[in-house]
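Worksheet: one structure, shown below.
Just so it is clear, none of the values below were taken in a lab; they were calculated from the coordinates. None of the values given here were measured: they were computed from a predicted structure. With ideal geometry, Cβ positions are generated from the backbone for all residues, glycine too; neighbour counts draw on all protein chains shown.
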Amino acid sequence: MKIHHLFIFYLLLSACTTTPPIEHQADGSYRIDKKAESSKVSVDDLKAEALKNAHDLATKEGKEVVVVKDGAVPDQKPHYNLIFRLRDPWAEEVMKSCLENMERDPALAVISKKVSLGGASDQPPSMLNNPKFPTKTEKKAIARFIELRRDCVIKADRHFERSGYPKTIIALNDLTAGSIDSLLMSLQKADLNYGRFAKLRKKITDIRAAALVNIDEALRANNSDSESRAQSFVEKAQSEMSASLPAKE
């Protein structure tokens, strides 16, 4: 019943709006311009339809939508404009998949219950609260993990660059990877116990997540100071991550 109602909604919406083809612009971006023929259709309705059109195109191309700029256009009737780009699937998924493949490496089995091989989001309470320090055998496994993880970061960076990610986001990811790499080396030297490592790792990724939201908002504004504002959030994240790392002896 819900699917049927949704279909009727889009059918009625299509009857009340002009639906021009998606315009592929010279700079590689795409533009959708929606104009309502009836005042009964709101700008939010037009936005929903435009985003659906954009995501349908992305699905067809095997890519993802990145909104460059969108908003209501001053007009007598509701009018909405969307500019977006298509990019390859998230490099973060490439990174996560790469990390998860490490679970098959027998050399890492000894630490797989103490260090999340897939990312900070996969850390259960048993990892966050583990007071133990790594043994000699575990230190060798951590060294192996550091080596494999660095290879994953390189693969993800290449994917980011090919996909046309903003330089500020690439810089933020490099900062995050470098900070976690530093934590792993501290863990390997037994300067940290497993629980302390897990908590600091989570803190680093939380800093990244907050910065990513701010950077995305700054870049979507698409005005003269968008790049400088985005860069300021990278620098703020760098300062916060540095302050979160254990002091070097």
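What percent does the relative contact order of the chain come to when contacts are Cα pairs within less than 8 Å and at least six residues apart? Show your work: numbers first, answer last.
Working: 321 pairs, mean separation 37.3, N = 249.
After rounding, I find 15 percent.
Would you mind checking region 168-207 for residues with the amide N under 17 Å from a putative spin-label position 7 Å along Cα→C-beta of residue 136? Flagged as within label range: 188-190. Place a point 7 Å from Cα of residue 24 in the direction of its Cβ. Which residues in region 56-89 have their backbone N less than 14 Å from it? Within reach of a label on residue 24: 57-58, 60-63, 85-87.
Overall dimensions of region 49-176, expressed as equivalent-ellipsoid semi-axes from the Cα gyration tensor (√(5λ), whole Å, largest first), are 41, 15, 13.
Please rank 49, 61, fewest neighbouring Cβ atoms within 10 Å first, as an exposure proxy. It would help to have the intermediate numbers written out before the result.
Values: 49 21, 61 10.
Going from least to most buried by this count: 61, 49.
Between residue 103 and residue 228, the distance separating the two model label sites (each 7 Å from Cα on the Cα→Cβ line) works out to 4.7 nm. From least to most packed, judged by other beta carbons within 10 angstrom and beginning with the fewest, 80, 30 follow the order 30, 80.
Would you mind ranking 149, 104 so that the residue whose beta carbon has the fewest other beta carbons within 10 Å leads the list?
Numbers: 149 19, 104 9.
Result, fewest neighbours first: 104, 149.
Calculated on the Cα set of the chain, radius of gyration then Dmax: 23.0, 73 Å. Global size of region 173-248: 14.4, 48 Å for Rg and Dmax (C-alpha atoms, Rg to one decimal, Dmax whole). The length gained on full extension between residue 76 and residue 56, counted as 0.36 nm times the residue separation minus their Cα-Cα distance, comes to 4.3 nm.
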